[in-house]
Amino acid sequence: MNLWLTLAVNSVALGGLLFLLSAGFSLIFGLMRIPNLMHGSFFMLGAYFGVTFLAKGTNFWVAALASGAAMAIIGGLVERFLLRRLAGQELPQVLLTLGLSFIVSDICLMIWTGDPIQPSTPSSLQGAVQAFGIYFPIYRLVIVAVAVAVAVALWLMIDWTRLGAMIRAGVDDGPIARVIGIKVSQLFTLIFCLGAALAAFAGVMGSPILSVYPGLDIDMLPLALLVVILGGTGSLLGAFVGSFVIGFLYNFGQAMFPDLAYVILFLPMLLVLVLRPQGLFGRVVS
Amino acid sequence: MSGRLIRAAVIAIAGIALATLPFWVGNAYYINIASQILFWAVFALSLNILVGYAGLVSLGHAGLFGIAGYTAGLLLEGGHGHLTAIFAALAAVLATSVIFAILSLRSTGIGFLMITLALGQILWGIAYRWATLTNGDNGVVVRSRPAPFGIVLTSPTSFYYATLIVFLLVVVSIAMFVRSPFGASVRGTRDQPRRMTALGYHVWLIRFIAFLLSGLWAGVAGILFVYYNQFISPQVVALQTSAEVLLMVISGGTATLLGPIAGAAIVVIMKNVVSAYIERWNLVLGIIFVAIISFMPEGLVPGSVRLSKMGWRLFRDRYSSAVLSNVAEPPP
């Protein structure tokens, strides 16, 4: 009984992390049509930045935000100087981001060596709260709260602000949006920076749970892919629901069928692809 | 007519060079590298059917390559004969290709790529996590190589010739595929899927068959790989392998017969040379990717020709303008 509850709490926490990771991926992939295969690298590099800041005694939240800001700058540079030249060419974009992800993983291995680093949970967030006779670890609840807050903020931004309206206009009909004076290229750079920052932030948030190790990027990228295939590209709601589905499947799969955990993880993707190829909440793009 | 003659002469010279390679190379190390180039070329050629001719970029081909290698390796370890292992491996790779194709062909373009990537990662996960079946990270050791018609393939030279025969069979069959009406219809689905549908072709089925062909040859390469190394581990099934073979295809030039072979030679030689000096093969691989995409998107071979022409023109212009300014000072 208690085991299942622990698993469920862990699943929800992983779901929150996955949402932070895949929201940016979904926005970049769904809105800008850039298949960003270095999104896992953003997560891992962000986590490494975070643990470096933490090792210097920085406050946890400051470290997470600083890592996000650093990654926003790196992401912006990549978008502006490398991906921009390949606008609309999906295959070169894939190969470029894949190549960059290899470079990042090797540089991380060079700088932070191959040993996994696991920072301790921030002291103010240690311990557990009791509710309904069950103990919930505070840190995992905080992750979920942050994920929900980010989800609401993103939804408000995309659906209810002028900025969001301009982004949607740029996505739906770029040339016309440019004609009426919307700086579509700058908006896209902004989205890319935001996605990179969210991934790095998620990396720091996740580091006390997942630890940071070489190969974290390749572990996280397929999960983000799964979430987006499951939820539908470009859909925030899809990314949100998909993240928690994957979070549950990952933890319960690992516990119940450790040998086949990976297969179970991918089963819903297969179902969705066969029955509803555009994803649970995806739009059909003609 | 002379073009055809030159072509025939080049093919004849290349054939003779390949057939006599162990005699003029001599050193076993280099013969082994030649074998590696040949089976990686088979793998790259198989991926090129999809990437070049069908316009479908797969990042899950290491999974197909690996499943053939693993099936053969596990059966051999289980005490089965070589013939059983090879045919079972081909059957396994075909069955897996059917599943891969049904799922990934729900989509084209970037969707196809993402789905094949995810499917490839499933196979990696099985190879890595299902330790009771695949021996996990420790991999599978193959203790013997087959001896077709009583010829033992343990020496580098004999294995080279066996690989060469398979390689030539694959090259000839792919050349026939490309020239056949079916090959033309595959290219048609790449360039004009709607028009092909309107003409009454079953686009999905054509892509499906192209996928199976590609998977089958990838499986052949996987079997050669496992017999060459006599070992297979989850590393082989990882995304990095898919990326490497894709690099072979695009660096040599897609949709050509020679491109993937040249690409395989370039990547294998580079990997061996780089690994001899530094441990940073991943870094080098990434930099090559970024450089190719940024500077010569059409592939290494045509790209370097173009860049060298450009460089020559720049050099010539500068030189000739320098001569001109010396001869006649332009009026102010």
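The values are calculated or read from the model by the stated rules, or taken from the named source; none is laboratory data. Nothing here was measured: the structure is a model prediction, and the numbers come from that model. Virtual Cβ from ideal backbone geometry, glycine too; neighbours counted across all protein chains shown.
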Flag for B:SER46 being of a type in the set (S, T, N, Q) and within 12 Å of another protein chain (Cβ to nearest Cβ) | no
When the range A:46-60 is checked residue by residue, the ones that are surrounded by fewer than 15 Cβ atoms within 10 Å (Cβ to Cβ) and either among the acidic types (Asp, Glu) or part of a helix (DSSP H, G or I) (or both) are A:ALA55
For A:GLY57, state whether it is without any contact (Cβ under 8 Å) to a residue 12 or more places away in the chain and farther than 29 Å from A:PHE244 by Cα.
-> yes
Quick one: would you say B:VAL273 is within 26 Å of B:ILE31 (Cβ to Cβ), away from every other protein chain (no Cβ under 14 Å) and assigned to a helix (DSSP H, G or I)?
-> yes
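Every residue, every condition in (1) free of Cβ contacts under 8 Å to residues at least 24 places away in the same chain; (2) in a loop (DSSP other than H, G, I, E, B); (3) surrounded by 13 or more Cβ atoms within 10 Å (Cβ to Cβ); (4) aliphatic (A, V, I, L, M), yes or no:
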position: B:ARG4; (1), (2), (3), (4): yes, no, no, no
position: B:ARG7; (1), (2), (3), (4): yes, no, no, no
position: B:ILE11; (1), (2), (3), (4): yes, no, no, yes
position: B:PRO22; (1), (2), (3), (4): no, no, yes, no
position: B:TRP40; (1), (2), (3), (4): no, no, yes, no
position: B:PHE43; (1), (2), (3), (4): no, no, yes, no
Any chance B:LEU133 is surrounded by fewer than 16 Cβ atoms within 10 Å (Cβ to Cβ) and at pLDDT below 85 | yes
Consider A:SER11 carefully, then state whether it is among the polar types (S, T, N, Q) and closer than 14 Å to A:LEU236 by Cα.
-> no
Report yes if B:PHE65 is in the same structural domain as B:ARG190 (by TED's automatic domain parsing), closer than 30 Å to A:VAL272 by Cβ and in contact (Cβ under 8 Å) with a residue 40 or more places away in the chain, otherwise no.
-> yes
Residue check: is A:ILE28 assigned to a helix (DSSP H, G or I) and more than 10 Å from chain B (Cβ to nearest Cβ)?
-> yes
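Yes/no per residue for (1) surrounded by 22 or more Cβ atoms within 10 Å (Cβ to Cβ); (2) at the interface with chain B (Cβ under 9 Å from one of its Cβ atoms); (3) free of Cβ contacts under 8 Å to residues at least 24 places away in the same chain; (4) assigned to a helix (DSSP H, G or I):
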site: A:ASP217; (1), (2), (3), (4): yes, no, no, yes
site: A:GLY234; (1), (2), (3), (4): yes, no, no, no
site: A:PHE244; (1), (2), (3), (4): no, no, no, yes
site: A:ASN251; (1), (2), (3), (4): no, no, no, yes
Out of B:LEU119, B:LEU94, which single residue is at the interface with chain A (Cβ under 8 Å from one of its Cβ atoms) and either under 21 Å from the mean Cα position of the chain (by Cα) or more than 19 Å from A:LEU267 (Cβ to Cβ) (or both)?
-> B:LEU119
Count, please, the residues in the range B:115-162 that happen to be out of contact with any Lys or Arg (no Cβ under 9 Å at 6 or more places or on another chain), touching a residue at least 24 places away in the same chain (Cβ under 8 Å) and closer than 30 Å to A:VAL227 by Cβ.
-> 14
